[in-house]
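The structure appears right after this line, and notes come after that.
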Amino acid sequence: MTFNNILTEDYGGISRITIDRPDKLNALNMDTISELHHALNQADLAKAIKVIIITGSGEKAFVAGADISEFADYSVSQGERLAAQGQAQLFDFIAHLSTPVIAAVNGFALGGGLELAMAAHFRIASDNAKMGLPEVSLGVIPGYGGTQRLPQLVGKGRAMELIMTASMIDAKKALLYGLVNHVTTQDELLPLAEEIAEKIMRNSSVAIAAAITAMNAGYEDGENGFEAEITQFGRCFGTADFQEGTQAFLSKRKPDFPGQ
Ligand code: COA
C-alpha cells in the first residue's frame, strides 16, 4: 500500500509511524486511518520490529481529531458505522497489538487524536502538548473509545468533567492525571521514546505480548483478567524466551532472547 498521509521509518528494532498532514493538524481522515492500520499491521508482523512509536508531523499537533469535514453531513447509521469501523480498524486494533505501541504526543491531541494516544499502550508528551475530548462542543460524543479509555486512565470523575466541559488540559496536568507517563521538551520527545523502547527491547517480546494480553483482559467484557493472567503465565513456560531468560539468570549472564 502506498502511504500518502503517514511516514514510516524502521530503525534499530523500532518502527516510527508519523501522521503527516500538518496543514490539517494531522486530522484523521479515513485514508489516514486505513494507512495507519496497514502500517501498524506490517510493523506488528515484522520479526525485527520490537516497539512501535506513533507521533505527528510538525511542531503543533499530534492529531487534532477526526477529520470533521468528512462526517459533518453523516446520518445516524453512517455515524454509527464510522465509530464501529474506526474502532475495529485502528483503535481496538492498536490496543490489542502484541508489539508495544508508544504514543509520543507532540502537540494537540484532541478528539480522535487523544483517542489514538489512549489506544496506544502508553503515552509520553512534549511540554507544548494539549489534550482533550471536545466532541460535545460539536454536538457529538467521542466515538473511537474515548468514553471508555479516558475514565480507565484518569478516573471517572475527571473524565466526566473533561468530556462534559470539552476542555483541554496541558502536559503538566496530563502527567498529574496519569494520562501520560512522562513530559519532556519537544526536542527530547522522540529520544525519550527511543530510550524507553531500548529498555523494552532488552526483554522477552513474547513475554511482553503475553503481558499486554493479560493487562487488556481486565478491561474486556466477559473476560476475567486474573484468569487470563494465569493462562498467559502458563504459556510463557513453553517458550524459548523463558528457557533463555531463566538459564541466563542462573548462569549469571545477560539473556539473548530468541523472541519465540
Ligand atoms: N478536522 C478537520 N480539519 C481540522 C481539524 C479537524 N479535527 N483540526 C484542525 N483542522 C484544520 C483546520 O480546519 C485548518 O484547516 P484550513 O487551514 O484548511 O482552514 C487547519 O487544520 C489548521 O487549524 P486551525 O484551526 O486554523 O489552527 P488553530 O491553531 O487556530 O487551532 C485547534 C488549533 C486544534 C484548536 C483547532 O484546529 C481545533 O479546534 N480543531 C478541532 C479540534 C476538535 O474539535 N477535534 C475533535 C474532532 S471530533
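The values are calculated or read from the model by the stated rules, or taken from the named source; none is laboratory data. What you are looking at is a predicted structure, and each value in this text was computed from that prediction instead of being measured. For neighbour counting, all protein chains shown are included, and Cβ atoms are generated from backbone atoms with ideal geometry for every residue, glycine included.
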(request) Considering only the stretch 119-155, state which residues are more than 14 Å from the chain's Cα centre (by Cα), part of a helix (DSSP H, G or I) and of a type in the set (Gly, Ala, Ser). (result) Ser137
(message) I want to confirm something. Restricting to the stretch 100-118 and keeping residues that are more than 10 Å from the ligand (Cβ to nearest atom) and assigned to a strand (DSSP E or B), which single residue is nearest to Leu138 (Cα to Cα)?
(response) Val105
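This table checks each residue for (1) on the phi > 0 side of the Ramachandran plot; (2) assigned to a helix (DSSP H, G or I); (3) polar (S, T, N, Q).
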site	(1), (2), (3)
Val180	no, no, no
Leu192	no, yes, no
Ile196	no, yes, no
Ala211	no, yes, no
Phe242	no, yes, no
Gly245	no, yes, no
Lys252	yes, no, no
Pro255	no, no, no
(request) May I ask you to list pairs of residues, at least six apart or on different chains, whose Cβ atoms are under 7 Å apart, with the first in the stretch 120-135 being of a type in the set (S, T, N, Q) and the second being within 12 Å of the ligand (Cβ to nearest atom)? (result) Asn128/Gly107
(request) Would you mind stating whether Ser167 is out of contact with any Ser or Thr (no Cβ under 6 Å at 6 or more places or on another chain) and farther than 16 Å from Gly111 by Cβ? (result) no
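Table: residues versus (1) within 23 Å of Phe71 (Cβ to Cβ); (2) out of contact with any Phe, Trp or Tyr (no Cβ under 6 Å at 6 or more places or on another chain); (3) without any contact (Cβ under 8 Å) to a residue 24 or more places away in the chain; (4) among the aromatic types (Phe, Trp, Tyr).
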| site | (1), (2), (3), (4) |
| --- | --- |
| Asn4 | yes, yes, no, no |
| Leu7 | no, yes, no, no |
| Asp10 | no, yes, no, no |
| Arg16 | no, yes, no, no |
| Asp23 | yes, yes, yes, no |
| Asn26 | yes, yes, no, no |
| Asn29 | yes, yes, no, no |
| Thr32 | yes, yes, no, no |
| His38 | yes, yes, no, no |
(message) If a residue must be hydrophobic (A, V, I, L, M, F, W, C), buried (at least 18 other Cβ atoms within 10 Å of the Cβ) and away from the ligand (no atom under 16 Å from the Cβ), how many such residues does the stretch 7-48 contain?
(response) 5
(message) Where the second residue is among the acidic types (Asp, Glu) and the first is within 24 Å of Gly155 (Cα to Cα) and lies in the stretch 178-200, which pairs have Cβ atoms under 9 Å and are six or more apart or on separate chains?
(response) Val183/Asp127; Thr184/Asp127
(request) Being among the hydroxyl-bearing types (Ser, Thr, Tyr) and closer than 20 Å to Gly145 by Cα is the filter here, so list the residues in the stretch 24-67 that pass it. (result) Thr32, Ser34, Thr55
(request) Mind listing whichever residues of the stretch 178-218 are β-branched (Val, Ile, Thr) and touching a helix residue (DSSP H, G or I) at 6+ places or on another chain (Cβ under 8 Å)? (result) Val180, Val183, Thr184, Ile200, Val206, Ile208, Thr213
(message) Anything in the stretch 54-99 that is loosely packed, with under 15 Cβ neighbours inside 10 Å, among the charged types (D, E, K, R) and within 13 Å of the ligand (Cβ to nearest atom)? List them, or say none.
(response) Glu59, Glu70
(request) Go through the stretch 44-64 and give me each residue that's more than 19 Å from Glu198 (Cα to Cα) and in a loop (DSSP other than H, G, I, E, B). (result) Ser57, Gly58, Glu59, Lys60, Ala64
(message) Of the conditions (1) surrounded by 21 or more Cβ atoms within 10 Å (Cβ to Cβ); (2) more than 21 Å from Met30 (Cα to Cα); (3) not aliphatic (A, V, I, L, M), Asn128 satisfies every one except a single condition; which number is it?
(response) (1)
(request) Could you please let me know if Ile212 is at pLDDT 95 or above and within 26 Å of Gly12 (Cβ to Cβ)? (result) yes
